[in-house]
Amino acid sequence: MEVYLVGGAVRDQLLGRAVKERDWVVVGARPEDLERQGYRRVGADFPVFLHPGTQEEYALARRERKTAPGYLGFVTEFSSDVSLADDLRRRDLTINAMAQDSAGGIVDPYGGQRDLEARLLRHVSEAFVEDPVRILRVARFAARFAAAGFTVAAETLALMRAMVTSGEVSALVAERVWQEMARALGEDRPEVFFETLRACGALKVILPELDRLWGIPQPERWHPEIDTGVHVMMALRLAADAGASLPVRFAVLMHDLGKGLTPPHRLPQHPGHENSGVASIDAVCDRLRVPNECRDLARLVCRFHTHVHTVTQLRPATVLQTLEQCDALRRPARFAELLAACEFDARGRKGLEGNDYPQAALFARALAAAQQASLKPEEMAGLDGALIGEQLRRRRLDAIAALGLRA
C-alpha cells in the first residue's frame, strides 16, 4: 500500500501558494485494509476514507468509465491493481494531475510541471470531454490563476467548444453550475470565468441572459466602453478588487440584464431596463437555485441602481420611497451592499475606474437622517398606529429634505 498527496495541494506547493486542504490517494489497497487501520469510510459512489487523526480524505486509486451523458454518467472501478497513473489520468488538468510521494518526490506522468512553467491550463487526456463539469472547472481555474498569467491551452478550448456543440453542457444540473459559479465569483478575477465560458460557447447555454449582453451598445457619453457585456465584466472586476461579498458580486453581474431585452429600435438607449431586468434575474435564480440572499440583493440593485446614480436629481419623497422599497431602515447592512454594487457599476466604465462616487455617501446620509427621525411620546398621544406611522414618515421626509441633496 502506497499513499500519495495529490491534486491541488501539490500544484499549490509548486506555485508557492498556501495549501488550504490536502487530498490523498492510496494505491495497492482494498477498503478493508484501510478500515483495519481505523479509517472511516464515507461516500456512496466510491470509497473515500477519513484519516483517524487528521480527518483528511484518503481515496482508493480508481478508474472511471463513461456510461451516460452528464457528470453523473460514470461507472467507477477501484481495486488494488489500479495504478497511480490510472488515477491521475482521470483528472481534468495536467496541473491537477500530479502527486507527491512520502519522500517528497513529484510524480508527474502528464506534464503538469511543464504546464505550470508555461502558465497553461491543459487537459490531461481525451477523457476530458466525458464530464461537462470540467468546462466550469477550467473556467474557474482560469479566473483563479489569471493574475499569474495562466491561459487556457488552445487544444483544451477546442475540446470545450466540441463539448458545447455535442450538447454535453446541457446535461449539467443546476446545483453544480451554481456551486462552480459561486466559487468562481469569489476568485481574484471572476470576470475571466465568464469570458472563458463565452469563448467556448458554454455561456450561451448556461447563462443566456448574460451572454446576450455582448454586442449591446450603450450611450458613449455615459459608457465610453459602449458594449454592455464589457461594462459588466469591468464592474465585476472592480467588485473583486474591492473584496466585495458574494451577494454584491452576483448583483453586479446581474444588474444590467434588462439591457439585453431592449428592442433594437431603441438602442443605444435602454428605457426601463431597471424593471425589465428583474424578471431575467428571477429566471436565472429559479433555474440555478441561487440562494435568496444573492437573489434579493441582485433584484434591488437592478431596480434601483439608476436611482442611486441620480440621487442629486431626486425629490426627497423619491429618496425616502427608495429607502422604503429597499427596506433600508430595517436592513441597513444590505442597503450598504446595494450602494457598493452601484459604485462598481458607476466606475466599471472605460476611463472612469478611478472616479469618486459621492452618490453612495449621499444616500447613506439620507438613510441616517431617516433613521434618526422620531416622534416624542406626547406627539404620539391619542394617535392610532396608522397615524403614528404617517407622522413618522412625514418626519423622515422633512429630515431628508433638510439635507439639501438636490443639485
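The values are calculated or read from the model by the stated rules, or taken from the named source; none is laboratory data. A quick note: this is a predicted structure, and the numbers were derived from the prediction, not measured. Positions of Cβ are backbone-derived with ideal geometry, glycine not excepted, and every protein chain shown enters the neighbour counts.
A compact table of results
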item	result
From A146, A99, A85, A68, residue being over 27 Å from V3 (Cα atoms), at pLDDT 90 or above and not hydroxyl-bearing (S, T, Y)	A146
Hey, A317 more than 33 Å from the chain's Cα centre (by Cα), of a type outside the set (V, I, T) and either at pLDDT 95 or above or outside any helix (DSSP H, G or I) (or both) or not	yes
Those helices (runs of 4 or more DSSP H) lying entirely in the stretch 171-226 with at least 3 residues hydrophobic (A, V, I, L, M, F, W, C)	174-185, 190-200, 202-206
Residue list for the stretch 112-131, filter: buried (at least 17 other Cβ atoms within 10 Å of the Cβ) and more than 19 Å from E168 (Cα to Cα)	G112, D115, L116, L120, L121, R122
Index of the failed condition, R393 passing every other in (1) charged (D, E, K, R); (2) in a helix (DSSP H, G or I); (3) crowded, with 17+ Cβ neighbours inside 10 Å	(3)
R349 being in a helix (DSSP H, G or I), in contact (Cβ under 8 Å) with a residue 60 or more places away in the chain and surrounded by 13 or more Cβ atoms within 10 Å (Cβ to Cβ)	no
Among the residues listed as P377, P332, the single one being without any contact (Cβ under 8 Å) to a residue 40 or more places away in the chain and within 30 Å of T228 (Cα to Cα)	P332
Top-ranked residue in the stretch 159-172 [being aliphatic (A, V, I, L, M) and surrounded by 15 or more Cβ atoms within 10 Å (Cβ to Cβ); ranked as nearest to L246 (Cα to Cα)]	L172
Residue selected from the stretch 352-369 under the condition of a type in the set (D, E, K, R) and not in a helix (DSSP H, G or I), by the criterion surrounded by the most Cβ atoms within 10 Å (Cβ to Cβ)	E353
Test: residue in the stretch 228-237 that is in a loop (DSSP other than H, G, I, E, B) and surrounded by 18 or more Cβ atoms within 10 Å (Cβ to Cβ)	no
Qualifying position, being closer than 17 Å to S79 by Cα and either of a type in the set (K, R) or in contact (Cβ under 8 Å) with a residue 12 or more places away in the chain (or both), among R11, R40, R30	R30
Of the criteria (1) assigned to a loop (DSSP other than H, G, I, E, B); (2) within 27 Å of F128 (Cβ to Cβ); (3) at pLDDT 85 or above; (4) not small (G, A, S), which one F46 fails	(3)
Failed item, numbered, when E378 is tested on (1) in a helix (DSSP H, G or I); (2) under 18 Å from V319 (Cα atoms)	(2)
Leading residue by the ranking (farthest from the chain's Cα centre (by Cα)) among those in the stretch 322-337 that are among the hydrophobic types (A, V, I, L, M, F, W, C) and buried (at least 17 other Cβ atoms within 10 Å of the Cβ)	L323
Elements of type helices (runs of 4 or more DSSP H) contained in the stretch 77-156, each with 2 or more residues being closer than 28 Å to D33 by Cα	84-89
Single condition P224 does not satisfy, out of (1) free of Cβ contacts under 8 Å to residues at least 24 places away in the same chain; (2) exposed (fewer than 14 other Cβ atoms within 10 Å of the Cβ)	(1)
Residue selected from the stretch 370-384 under the condition farther than 28 Å from G404 by Cα and among the aliphatic types (A, V, I, L, M), by the criterion surrounded by the fewest Cβ atoms within 10 Å (Cβ to Cβ)	A381
Flag for A340 being loosely packed, with under 15 Cβ neighbours inside 10 Å, of a type outside the set (K, R) and not in a loop (DSSP other than H, G, I, E, B)	no
